[in-house]
Amino acid sequence: MAARPWRMRGGLTAPAAACAVALAATFTVAPAGAAPLEYTLDPDHCFAWFDLLHFGTSTLRGRFGPIRGEVVLDREAGRGEAALRIDMRTLSTGIALLDARLAAADLLDSSASPQAFYVSRQFRFEGGRPVVLRGELTLRGKSRPLELHALRFACRELDEPRREVCGGDFEASLLRSDYGMTFGLPFVADRVRLQIEVEGWRPLDGPRPAPSQAAGSAPGR
């Protein structure tokens, strides 16, 4: 197989701060022996959800998205690349006043830092499926290591148009203080749990192969 330079579209080779979140990963499984394949994230199925404990009683939840980006995977070589971009201005908790407070300068600072980026070039597989992505999250201009762990992952083929769709749910946790968000501590928790919902697709050529007949079985009548 010809060597392919591991550089994502748009020259994504610098630290996460200079790159754009191309999923949680749309962390795709390519056919064995295939060349590196690129998957485009589906904006209808790519969101980042978060939750954290609020005053030791209830849990504050919200989401960002859709996530934009691409993933390239070379299963034979056992490596991949993901570059993802999240628009922090898409925050939604269901409460407009809370959204505005979280977007303020002492928390997400969405006006000054409207984009967050996640870049990973270290995928770990089990049974041909991605189970861990090790990468870097850039938020509020600060870059920190972040691992995404797969909760589930699957692929399927669609006919109209012909494409392969892969996706799943990935989770991680971070300390918001690592990104300069200390307002409300310790009454509002420092640890934030993330869940990344992702699906990506790539075009397929030709019709879907007909299912093979089981050995020794009689043809249908």
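The values are calculated or read from the model by the stated rules, or taken from the named source; none is laboratory data. Keep in mind the model is a prediction, meaning the values are calculated, not measured. FYI the Cβ positions are ideal-geometry reconstructions off the backbone, even for glycines, and counts take in every protein chain you see. When the accessible area is computed, the model is the full protein with side chains, heavy atoms only, and any ligands, DNA or RNA have been set aside. Shrake-Rupley method; radii C 1.70, N 1.55, O 1.52, S 1.80 Å.
Side notes on the structure shown:
- Some residue of the stretch 177-192 being under 15 Å from the mean Cα position of the chain (by Cα) and in a strand (DSSP E or B): no
- Scanning the stretch 100-145 for residues that are under 21 Å from Met88 (Cβ atoms), in contact with a strand residue (DSSP E or B) (Cβ under 7 Å, 6 or more places away or on another chain) and open to solvent by 70 Å² or more (accessible area, probe 1.4 Å) yields Arg144, Pro145.
- Per the conditions (1) open to solvent by 20 Å² or more (accessible area, probe 1.4 Å); (2) touching a Ser or Thr at 6+ places or on another chain (Cβ under 9 Å), the sole criterion not satisfied by Leu97 is (2).
- Selection from the stretch 74-104 of residues that are touching a Leu at 6+ places or on another chain (Cβ under 6 Å) and more than 22 Å from Arg193 (Cβ to Cβ): Gly80, Ala83
- Single residue of Pro36, Pro43 found to be under 23 Å from Arg121 (Cα atoms) and either buried (at least 16 other Cβ atoms within 10 Å of the Cβ) or over 13 Å from the mean Cα position of the chain (by Cα) (or both): Pro36
- For the stretch 178-193, filtering for residues that are more than 13 Å from Leu108 (Cβ to Cβ) and open to solvent by less than 30 Å² (accessible area, probe 1.4 Å) leaves 2.
- Members of the stretch 62-94 that are open to solvent by 50 Å² or more (accessible area, probe 1.4 Å) and assigned to a strand (DSSP E or B): Arg63, Arg68, Arg79, Arg85, Ser92
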